[in-house]
């Protein structure tokens, strides 16, 4: 069985496609990708709504009394989405589609809670401008990944290594507290997740032919939406730090 996040699983499942007219395959692919995008967009919408509604209470709940760090509850809310991602990734084969859906919505809601602190650091206008700029860029990049005939799988390892490098640099900067390094990390982060948006879109499209007509199709829709959601959210946050107006 092909792993949902394995970039090598880009071949066509002949058992699922043999004898199926091209028009039917194309219609199935469009329906599959539309489901992925619907889940992804709904998750982003849920995150945004939760962040805006929770923003007035973020300082009292998520930040410590000194205001210089996260409270215990703040750390719990911040780290919980990471635990959910690991649970979904490693438990996908054993979970039902409905369970993955519930975890996806819980993940998007928790991310919204943690992102409510952005309204404390940046102006509302700046957040809105960055969101729409990210949405426009994301749409173009994802469309490129869907339409291009160029195989983008070769970029996967490079992009993932870049993300690992960014995470290491962010950990180092927790101790250095360098604004210049933080700015550089944000600029590189925007480029990396821009590339991942196109790469992941093509990979999810290719994966359709592996799972079409199987029980895995519903699961890979949710997992694909999760990956595209992460690309969007990370690109938005890095771009906000790079161009946003602070309060």
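The values are calculated or read from the model by the stated rules, or taken from the named source; none is laboratory data. All of these numbers come straight from a predicted model, not from anything done at the bench. In this analysis, Cβ positions are derived from the backbone assuming ideal geometry, glycine residues included, and neighbour counts consider all displayed protein chains.
Out of all the residues in the range 236-244, is one or more surrounded by fewer than 22 Cβ atoms within 10 Å (Cβ to Cβ), in contact with a strand residue (DSSP E or B) (Cβ under 7 Å, 6 or more places away or on another chain) and more than 22 Å from residue 32 (Cβ to Cβ)? For the range 236-244, residues surrounded by fewer than 22 Cβ atoms within 10 Å (Cβ to Cβ), in contact with a strand residue (DSSP E or B) (Cβ under 7 Å, 6 or more places away or on another chain) and more than 22 Å from residue 32 (Cβ to Cβ): present.
Here's the yes/no breakdown for (1) surrounded by fewer than 19 Cβ atoms within 10 Å (Cβ to Cβ); (2) in contact with a strand residue (DSSP E or B) (Cβ under 9 Å, 6 or more places away or on another chain); (3) free of Cβ contacts under 8 Å to residues at least 40 places away in the same chain; (4) within 24 Å of residue 143 (Cα to Cα):
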{"site": "181", "(1), (2), (3), (4)": "yes, no, yes, no"}
{"site": "187", "(1), (2), (3), (4)": "yes, no, no, yes"}
{"site": "225", "(1), (2), (3), (4)": "no, no, no, yes"}
{"site": "228", "(1), (2), (3), (4)": "no, no, no, yes"}
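Taking residue 83, is it assigned to a helix (DSSP H, G or I), within 22 Å of residue 119 (Cα to Cα) and modelled with pLDDT of 90 or more? Break it down into steps so the answer makes sense when it comes.
Details: assigned to a helix (DSSP H, G or I): yes; within 22 Å of residue 119 (Cα to Cα): no; modelled with pLDDT of 90 or more: yes.
Criteria not met by residue 83.
The one condition from (1) over 28 Å from residue 36 (Cα atoms); (2) under 19 Å from the mean Cα position of the chain (by Cα) that residue 71 does not meet is (2). Filtering the range 164-222 to residues that are over 21 Å from the mean Cα position of the chain (by Cα) and either under 16 Å from residue 29 (Cβ atoms) or modelled with pLDDT of 95 or more (or both) leaves 209, 210, 211, 212, 213, 214.
Of all the criteria given as (1) buried (at least 17 other Cβ atoms within 10 Å of the Cβ); (2) free of Cβ contacts under 8 Å to residues at least 24 places away in the same chain, the one not satisfied by residue 134 is (2). Filtering the range 77-103 to residues that are exposed (fewer than 15 other Cβ atoms within 10 Å of the Cβ) and either over 15 Å from residue 229 (Cα atoms) or free of Cβ contacts under 8 Å to residues at least 40 places away in the same chain (or both) leaves 79, 82, 83, 86, 90, 91, 93, 94, 96, 98, 102.
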